[in-house]
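The structure appears right after this line, and notes come after that.
The values are calculated or read from the model by the stated rules, or taken from the named source; none is laboratory data. Computed from a predicted structure; not experimentally measured. So basically every Cβ, Gly included, is an ideal-geometry build from the backbone, and we count neighbours across all protein chains shown.
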Amino acid sequence: MKEFLEKAQKSARAIAANVEKVIVGKGNTVELAVIAIMSKGHLLIEDAPGVGKTILAKSLAKSLDCTFKRIQFTPDMLPGDITGVSIYNQKIGDFEFRPGPIMAQIVLADEINRATPKVQSALLECMEEGQISVDGATYKIPAPFHVLATQNPIEYEGTFPLPETQLDRFIMRVNIGYPSAADEVTIIDNQQFNHPIADLKPVASGSDLENLQNAVKEVFVDDSIKHYIVTLVGATRNHSAIYLGASPRGSLALFRTAQARALLQGRDYVLPDDVKALAEPVLAHRLVVRLSDTSSDKSGRTVIANLIDTIPVPGTLVR
């Protein structure tokens, strides 16, 4: 078992290092993205235009030797543009299914919140059950299956907020942020003649990724850590600033990503620090803040930070 976990950790580290050849100075964000994939989840990357959201998603996809499709979301899209359609074939005298771009192992959903809610909802079944339903027929999406979605903040013009049910399908939401001055100079140097993503090669196959995801499940989680996760998630449901707290899916997401983080750091057991480090990216986007509290700078992120500071960590004394 130890050898199995060590091999998985080496594979995860190779993926992260490969992505960091392109994404400069954002090691923590890259690790979070890899953790999302390790946890068998979908990733939402939210930030301002031009900071590298699409490049992060493409770098992660190119690091994995899996089938890849990109969907550029626009307001005039239809659900069939994603899932595919049934078209009448005169040669065979019957309808045949023409699969859409969602039928790939890694799907880049670029600027997902520029599509209408009707189109966004077409992803619900795909992301939760790994299948699509078209004209009464069901088609399985090849495994492993991951959606890497990017979106601009909802304050930007021409965006449609993702509904709570859609946000809940993403195991994690990450932000990239602007680079430091030194890192920005490095980015300019790296792209003087060509973009480094052009030379990026896969470092893990689809079967390697599935083995990695199976290894994550073997990481030990003590009962006290499980209770800590449940207490933290439960507190979001009773917080005065929150209208709708995180569901049990949030607890499961925090549990699995904590296992993945432990494995990525070379441990076969989860620490409370793993839970604390992942609580904000895993839970904040699942919370609905009361409108009356938006003026007082209350957000999902600030609520989670407050809960982390106030809820006792397992193994500590409460005075």
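Any residue in the stretch 238-267 that is crowded, with 19+ Cβ neighbours inside 10 Å sitting within a Cβ distance under 8 Å of a residue that is at pLDDT 95 or above and among the polar types (S, T, N, Q)? List the pairs, counting only those 6 or more apart or interchain.
Taking only residues 6 or more apart or on different chains, the pairs are Ala253/Ser39; Arg256/Ser39; Thr257/Ser39; Gln259/Ser39; Ala260/Ser39.
Can you find, within the stretch 240-256, the residue that is nearest to the chain's Cα centre (by Cα) among those that are under 14 Å from Ile304 (Cβ atoms) and part of a helix (DSSP H, G or I)?
Ala253
From the residues in the stretch 201-239 that are part of a helix (DSSP H, G or I) and of a type in the set (Ser, Thr, Tyr), which one is nearest to Glu20 (Cα to Cα)?
Filtering first and then ranking leaves Ser207.
Could you check the stretch 32-142 for strands (runs of 3 or more DSSP E) lying wholly inside it with 1 or more residues that are assigned by TED's automatic domain parsing to the domain that holds Ile188? Spell out how you get there, then give the answer.
Numbers: elements: 42-46, 68-72, 84-89, 94-99, 106-110, 131-134, 137-140.
Strands (runs of 3 or more DSSP E) meeting the threshold: 42-46, 68-72, 106-110, 131-134, 137-140.
Considering only the stretch 268-279, how many residues are in a helix (DSSP H, G or I) and surrounded by fewer than 22 Cβ atoms within 10 Å (Cβ to Cβ)?
4
Of these, Lys140, Lys91, Lys118, which one is of a type in the set (Lys, Arg) and at pLDDT 90 or above?
Unique residue meeting the criteria: Lys140.
In the stretch 115-139, how many residues are within 14 Å of Pro161 (Cα to Cα) and over 18 Å from the mean Cα position of the chain (by Cα)?
Number satisfying all stated conditions: 5.
Cβ contacts < 6 Å: first residue farther than 15 Å from Cys126 by Cα, restricted to the stretch 76-99; second residue assigned to a helix (DSSP H, G or I) and at pLDDT 80 or above, any location; separation 6+ or different chain. Result?
Met77/Val119
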